[in-house]
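Participant: Shown below is the structure under consideration.
Every read-out reported here was derived from the displayed coordinates using simple, explicitly stated rules and does not represent laboratory data. Source: prediction; values computed, not measured. So basically every Cβ, Gly included, is an ideal-geometry build from the backbone, and we count neighbours across all protein chains shown.
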Amino acid sequence: MPASEYIRSLRSRIGHDLLLLPGVTAVIREGDRMLLARHAHSGAWSLVGGAVEPGEEPADAVAREVREELGAEIDIAGIIGVYGGEPLVVTYPNGDRVGYVTTAYECVLRTPPTPDGVELTEIGWFERSDIASLERREWIDRVIADVRD
């Protein structure tokens with residue numbers, strides 16, 4: 001999805017400078033397999049997620065992001081943890097810099113996922129042991145390590 005009106009408004013005043021934004025991450029799994037998505041802007045595999053909009057509940061944001069990026073509906077099983085710091089700083093192709101502080105939710109699919117073809121080019125189910133060999137956003141390792149069986 002293109003940047004929200006809120007982000008566009010901020011960017012019109014600060015340009016490409018670093019924005020610190022609240023985010024959400026969906027950890028979708030079936031047993032020991034995790035659903036990862038290849039992101040169009042980086043080519044890297046990661047978990048599905050995005051920014052929380054002003055006035056939006058984070059749980060609603062994670063459901064919205066999954067709906068927008070995967071066309072799927074989810075149930076939220078709980079919060080895994082909250083993550084931030086340098087590993088979650090992203091520079092987008094247009095030069096915009098964002099530092100996310102993301103709440104990771106454990107989610108269960110209610111409907112089949114399909115990548116949107118805009119933000120996500122591909123999805124795949126991966127065993128935990130196989131994720132380390134992928135070209136990925138390495139911060140997801142912290143999240144996946146915190147997922148309880």
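Participant: Which of GLU73, GLU138, GLU56 moves the most in a Gaussian network model of the chain with Cα springs under 10 Å?
Facilitator: In the Gaussian network model the winner is GLU56.
Participant: Roughly what would the spin-label model give for TYR6 and TRP125, points 7 Å off Cα along C-beta, in nm?
Facilitator: Computed distance between label sites TYR6 and TRP125 equals 3.4 nm.
Participant: At a 10 Å Cβ-Cβ cut-off, how would you order GLU135, GLU69, GLU119, GLU86, fewest neighbours first?
Facilitator: GLU86, GLU135, GLU119, GLU69
Participant: Compute the long axis of helix 5-14 from its Cα atoms, compare it with the longest principal axis of the Cα atoms of the chain, and write down the angle in degrees, 0 to 90, nearest 10.
Facilitator: 50 degrees
Participant: Here's another thing I want to ask about it. What is the sum of charges around VAL89, taking Lys and Arg as +1, Asp and Glu as -1, for the other residues whose C-beta is under 13 Å from the C-beta of VAL89?
Facilitator: -2
Participant: Helix 58-70 against the longest principal axis of the chain: what's the angle in degrees, Cα atoms only, rounded to the nearest 10?
Facilitator: 80 degrees
Participant: Same structure, new question: Compare GLY15, GLY23, GLY84 in a GNM of the chain, Cα atoms joined below 10 Å, and give the one with the largest fluctuation.
Facilitator: GLY15
Participant: Give the percent of DSSP beta bridges with both residues in region 20-146 that are antiparallel, rounded to the nearest 5.
Facilitator: Taking every DSSP beta bridge with both residues in region 20-146, the antiparallel ones total about 70 percent.
Participant: Which entry in (i) 1, 8, 12, 11, 8, 7, 7, 8, 10, 10, 9, 6, 2, 0, 0, 0; (ii) 2, 7, 7, 7, 9, 12, 15, 16, 12, 7, 4, 2, 1, 0; (iii) 2, 9, 20, 24, 23, 14, 6, 2, 0, 0 is this structure's computed P(r) over Cα pairs in 5 Å bins from 0, in percent?
Facilitator: Checked against the structure: label (iii).
Participant: Given Cα pairs under 8 Å that are at least 6 residues apart, what percent is the relative contact order of the chain?
Facilitator: Relative contact order of the chain: 32 percent.
Participant: With each run of n ≥ 4 DSSP H residues scored as -39500 (n - 2.57), what mean residue ellipticity at 222 nm is computed for the chain after dividing by its residue count and rounding to the nearest 500 deg cm²/dmol?
Facilitator: -6500 deg cm²/dmol
Participant: Compute the distance in nm between two label points, each set 7 Å from the Cα along the Cα-to-Cβ direction, one at VAL89 and one at ILE14.
Facilitator: 1.3 nm
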